[in-house]
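J.: Would you mind keeping the following structure in view while I ask a few things?
Laboratory data are not the source of any read-out in this text; all were calculated from the coordinates shown. Fair warning: this is a prediction, and the values are worked out from it, not measured in the lab. Here Cβ is always computed from backbone atoms with ideal geometry, including for glycine, and neighbour counts include all displayed protein chains.
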Amino acid sequence: MTPPPSIVEINRILGSLAKTKHSTTAISLYAQAELKGFKPSFVTLNILINCYCQVGDITSAFSSSGKIFKWGYRPDTVTMNTLMKGLCMKDVGQALDFHDDLLTKGFCLSSVTYGILVHGLCKTGQTRCAVKLLQMMGRQRIKIKPNLVIYNTVIDGLCKEGLVSQASELCSQMISQGISPDIVTYTTLIYGFSNTNQLQQALRLRNEIVMKDITPTHHTFNIIIDVFCKRGKIIEAEAVFAQMMKCCVKPDVITFNSLMNGYCMSNDVNESIAVFNKIIKAELTPTVVSCNILINAYCKLKMVDEALDLFKEMHCKNLQPDIVTYSSLIDGLCKAKRISHVKDLVYEMRKYGQALNIITYNILLDAFCKMKLLDEAIILYQQIVDQGMQPTVHTYSMLIDGLCKGGRLNLARGIFELLLTEGHHVDVYIYSIMMNGLCKESLFGEALTLLSRMKENGCLPNLVTFTTLVGALLMKNENDKAELLIHVMIDTGLLKP
């Protein structure tokens, strides 16, 4: 352009790019402008600092802050806050050092600065450090009183760490400082109390919201509805839902999903379907979670065909099934002994790039063992190992039990010994399964030796362990040994005399 545009015009373009997160483009364009001889203004340098922080280039951000002094400007709180935010994204420890350095040099910080620091600390799980910083505020060195946003951030951090009592105390301190809690404060505390099974406290806060005439958000209602549903209190959940409608707060898909789950937990699939239909009537789009809840309920009630119909409907509506969808269906089909359908589903999962997780593998392994398809079970176990996946205690217990019951004792014994040799956690349940397998093959001496090894390894036998051994000894007419074991059971308190 002739004459060339002013730096103000350049700033508008750079500022617009920065706001839309096109930071790399903004940095590149400024470099071109600088080559053309444009002198940056204070605003330009602040925009550049923000862009560098967004892309995680803190070194260049501080280099740009140095240019502020070079061009005769003085950094303001916006500059410092931007740098603080950038440091928090990379290393909160460095952000705290920067904060101390600024105080030493006499820079004036704002409540926004402390909001950024507190948020960074809470986000990285350093909530206790955030509490200390909060306590320092307002004192001689830091003459800024914490505001509602800062208090809410710390309260949220404490609740997420399960420290709800401390969060509640902090709320009381906030009130004593003349700051009234808002709906965010209440919702955060309700969520915290709900997660720590303190339902009465959560309901007390809900009633407090009503008394203070504070309008709850749909998020507040969703938390309480979800808590009631998970505890099987569907009537109470419906009452909260009715209150939600009365307050003219529009429910979302999460609200309906919680209700669906509540009805499914009560084995009332028809009501769950009715709620599913309400999602559509409310002109909302059902999510994969919505479908998963129904599919899981159908499978648990052995309504596998209905579950498959809904699964097909998901494809028609372009809803991509996830690992939960496939695992629920595979579990239902395995229990219905429809293995050909299971194999089709596993093939489909792999076709669409959906990897099987250990839960899905355990479902398949359990089915193969119960149906005595032991060769398939062994291949499946080998796949788990080959993929570098960590088998669970449940994986081993199912496989060893299946092999013992299927007459493959030597292989079961080999896997069991491998567990002990490699230092895996072997619980009393796996020991009992192995002993039961040995007893069925009349290897009573080996079973009793395993009982001794079990005690040496610090695993205490339970009633199942002793009952297995006593039953085997009685069948062999080893009544004296059986009586001795019964006395041991009485002495250890597992059996009443």
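J.: Considering the Cα trace of segment 427-497, what is its radius of gyration and what is Dmax, both in angstroms?
T.: 11.2, 30
J.: Still on this structure: Under 19 Å between alpha carbons, and skipping anything fewer than 8 positions from Lys230 in its own chain: which aspartates and glutamates qualify?
T.: Glu238, Asp252, Asp268, Glu271
J.: Could I ask something else about it? Can you give the charge dipole size of the chain about its Cα centre, rounded to the nearest 20 debye, using +1 on the beta carbon of Lys and Arg and -1 on the beta carbon of Asp and Glu? Intermediate results must be reported in sequence, preceding the final value.
T.: Values: 50 positive and 44 negative charges, 303 e Å.
The calculation lands at about 1460 debye.
J.: In this model, which of Lys39/Lys123; Lys90/Lys132; Lys212/Lys233 are farther than 28 Å apart at the alpha-carbon?
T.: From the list (Lys39/Lys123; Lys90/Lys132; Lys212/Lys233), the Cα-Cα distance tops 28 Å for Lys39/Lys123.
J.: Can you grab the distance from the C-alpha centre of segment 356-422 to the C-alpha centre of segment 1-38, Å, no decimals?
T.: After rounding, the separation between the Cα centres reads 63 Å.
J.: At a threshold of 8 angstrom on Cα-Cα distance, excluding pairs fewer than six apart, so keeping six or more, what relative contact order does the chain reach in percent?
T.: 5 percent
J.: Report the charge-dipole magnitude of segment 427-497 in Debye, nearest 20, computed about the Cα centre from +1 at each Lys and Arg Cβ and -1 at each Asp and Glu Cβ.
T.: Details: 6 positive and 8 negative charges, 19 e Å.
In debye, rounded to 20, segment 427-497 gives about 100.
J.: Cα centroids of segment 89-127 and segment 227-275: how far apart, whole angstrom?
T.: So the two Cα centres are separated by 42 Å.
J.: Another question, if that's okay. What ranking do 169-177, 3-11 get when scored by the average of other Cβ atoms within 10 Å per residue, highest first?
T.: By packing density, highest mean first, the sequence is 169-177, 3-11.
J.: Which peptide among 430-437, 346-353, 161-168, 478-485 comes first, and what is the full order, when sorted by highest mean count of other Cβ atoms within 10 Å?
T.: 430-437, 161-168, 478-485, 346-353
J.: About its Cα centre, what dipole magnitude does segment 1-75 give when the only charges are +1 on Lys and Arg Cβ and -1 on Asp and Glu Cβ, stated in debye to the nearest 20?
T.: With Lys and Arg at +1 and Asp and Glu at -1, about 140 debye.
J.: In nm², what is the average projected area of the convex hull enclosing the Cα atoms of the chain?
T.: One quarter of the hull surface, i.e. the mean projection, equals 35.8 nm².
J.: Using packing as a proxy for protection, rank 308-319, 145-156, 253-264 so that the peptide with the highest average count of other Cβ atoms within 10 Å comes first.
T.: My ranking of the peptides, most packed first, is 253-264, 145-156, 308-319.
J.: Taking every pair of alpha-carbon atoms in segment 387-477, give the share separated by more than 17 Å as a whole percent. Write out the running numbers ahead of the final one.
T.: Values: 1862 of 4095 pairs.
So the portion of pairs separated by more than 17 Å is 45 percent.
J.: Working from the pairwise distances between different alpha carbons, so that the mean of 1/r is found and then inverted, what is segment 1-75's Kirkwood radius in Å?
T.: Details: mean 1/r = 0.0808 Å⁻¹.
It works out to 12.4 Å.
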